[in-house]
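The values are calculated or read from the model by the stated rules, or taken from the named source; none is laboratory data. Keep in mind that this is a model prediction, so the values were computed, not measured. Surface areas here come from the heavy atoms of the whole protein model, side chains and all, with no ligands, DNA or RNA. Shrake-Rupley method; radii C 1.70, N 1.55, O 1.52, S 1.80 Å.
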Amino acid sequence: MQGVPGAATDGPTSVEPVHTGKVIGISIIAALGGFLFGYDSSVINGANKAVFYQFDITNKGMQGFVVAIALLGSALGAFVGGRLTDKYGRKKVMVVAAIMFLIAGVGQAFPFATWDFMFWRVIGGFAIGLAAVVSPMYISEVAPAHLRGRLSSLFQLAIVVGIFATQLVNQVIIGLTPKVCEPGQDIPGCEGMVDPTASVPMVQANNDLWLGLQAWQWMFLCMVVPAVIYWVLALTLPESPRYLVARDKSAEAKVVLEKIYVNDVSDKLSSIEDSLAGEHKMSMSDIKGPKLGLLPLVWVGIILAILQQFVGINAVFYYSNLIWAAVGFGEEKAFLTSTIISAVNVIFTLVAIATIDRVGRKPLLLIGSAGMFVTLAILTFVFTSAPACTQALIDNTANPTVGCTLQSELNSPILSDTSGWIAVIMLNLYVAFFATTWGPIVWVLLGEMFPNKIRAAAMSVAVAANWIANFIVSESFPSLVGVSLGLAYGLFTIGAFVSFFYVLKFVKETKGVQLEDMEKLEGVKAS
């Protein structure tokens with residue numbers, strides 16, 4: 001792959017007069033797909049142990065697959081999402097994604113068995129994949145160049161707010177739910193619920209809450225509300241002007257542009273028409289090139305998308321409750337710690353929005369890689385240097401070891417008060433570095449770095465690669481934890497190390513560049 005040198009736009013960005021309220025409003029609505037993305041992908045964090053008990057899923061590999069199978073749906077949704085957006089329009093795809101989120105929320109709340117629970121997770125994952133393609137694409141296509149970084153970052157902000165909302169909802173639900181049902185306990189609502197023969201321990205989320213439904217079912221049902229809101233509001237959005245021009249609807253595109261820009265839009269419309277001249281239906285042949293079958297720029301996007309996952313962020317958000325339980329935290333404390341991490345994620349995503357169009361994409365990515373490397377390395381040291389929980393320690397009921405009980409994972413580290421606090425602080429710092437940099441910026445880059453003619457095809461491939469990488473991390477994480485939590489975090493440390501040097505060599509700065517000028521910046525001539 002050819003190296004792509006550094007920043008190309010160091011001068012001041014021209015500021016066009018725009019109807020700021022209008023463009024922010026439509027960007028927020030489009031970003032709601034990110035909220036559902038965050039909610040649906042993270043809700044399993046609070047429900048996973050309850051689902052494992054409900055369907056007696058004991059095998060670590062199977063536990064990981066039940067969680068991660070949604071990501072295969074996401075990869076498929078992302079892969080076909082570009083073609084769907086080019087064929088039917090960005091707006092219609094957002095409406096379809098909202099309906100699928102609604103269906104998935106209800107389906108996951110009322111499964112009959114493991115197989116159909118997994119099916120509904122795939123449906124929700126497909127919706128996530130669609131949202132991951134269409135929302136950044138749509139926002140980047142309607143946003144003025146001087147606001148594009150901040151407005152495109154709204155998608156990542158919506159994701160992290162969705163994750164935080166999930167943790168908050170789960171925290172409220174678990175707070176209203178009776179304590180864990182165990183043999184010999186006289187707790188209202190627990191009568192007849194405990195199965196003493198179950199291979200997986202019952203957790204608090206398995207207890208009944210309202211209307212005869214267990215707490216984990218309500219966690220999924222709460223997704224219905226934002227799905228309906230997204231569905232209704234998506235119907236009010238204008239179509240992307242670049243899609244309209246590609247469909248020979250320049251008059252309609254001009255109307256949309258006039259809603260965004262204050263001055264005459266004739267030149268801007270002509271620029272879009274020129275960039276799309278000779279446009280044909282999206283085909284994967286558009287992104288074929290000399291480097292292993294693809295254009296070098298497409299490989300840059302793919303590898304950025306993969307590295308965003310290989311630093312391990314979703315292992316934190318899908319399994320944080322399990323991580324904290326593994327190091328001796330009780331269930332309510334684990335939920336609270338996970339909620340705090342999600343709040344940190346939201347706060348520092350706001351920092352990213354405030355800085356991305358000032359500092360630029362590339363410098364922030366480098367800062368993020370360095371920060372994640374340091375914090376992950378410390379976490380790896382803490383987890384590997386701590387003594388491990390063994391079956392012998394669990395069986396030693398005469399002298400029980402703090403942090404090593406029947407609820408603990410074998411080989412999980414036994415943390416002292418000091419090392420436990422270090423782990424909590426470092427994990428929050430790691431999330432802060434990710435949220436300020438790699439979280440939003442990769443989505444911004446994927447939405448803006450590709451020239452108009454190849455954007456849909458290139459985004460489909462890059463986002464699909466992101467979800468496949470996410471699947472690999474999420475599927476393997478429970479098994480890695482079974483060997484050593486330090487091993488898992490050591491691999492994430494390597495991912496952060498590689499990401500720094502990859503960005504340094506291959507990523508260009510796109511701050512302030514018009515979408516129609518990306519072809520010149522990147523040196524790509526899409527046929």
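Classify the range 451-505: rounded, prolate or oblate, from the alpha-carbon gyration tensor (a ≥ b ≥ c, eigenvalue square roots; a/c under 1.5 rounded; otherwise prolate if a/b is larger than b/c)?
In terms of gyration-tensor shape, oblate.
Shape call for the range 43-132 from the C-alpha gyration tensor, a ≥ b ≥ c root eigenvalues: rounded (a/c under 1.5), prolate (a/b greater than b/c) or oblate? It would help to have the intermediate numbers written out before the result.
Numbers: a/c = 3.20, a/b = 2.15, b/c = 1.49.
It is prolate, given that a/c is not under 1.5 and a/b is the larger ratio.
Among the listed pairs K288/K505; K249/K453; K92/K249; K362/K453, give every one whose C-alpha distance is greater than 20 Å.
K288/K505; K362/K453
Work out Dmax and Rg for the range 125-178 from the C-alpha atoms and quote the Rg first, both in angstrom.
When restricted to Cα atoms, the range 125-178 yields Rg and Dmax of 15.4, 52 Å.
Would you list D116, D56 from the most to the least accessible area, probe 1.4 Å?
Largest accessible area first, the list is D56, D116.
For the range 92-164, what is one quarter of the convex hull surface built on the Cα atoms, given in nm²?
Details: hull surface 21.1 nm².
Result: 5.3 nm².
How large is the accessible surface of K249 in square angstrom, using a 1.4 angstrom probe and rounding to the nearest 10?
Accessible area, nearest 10 Å²: 90 Å².
In whole Å, how far is the Cα centre of the range 92-121 from that of the range 462-502?
If we compute the Cα centre of each part, the gap is 27 Å.
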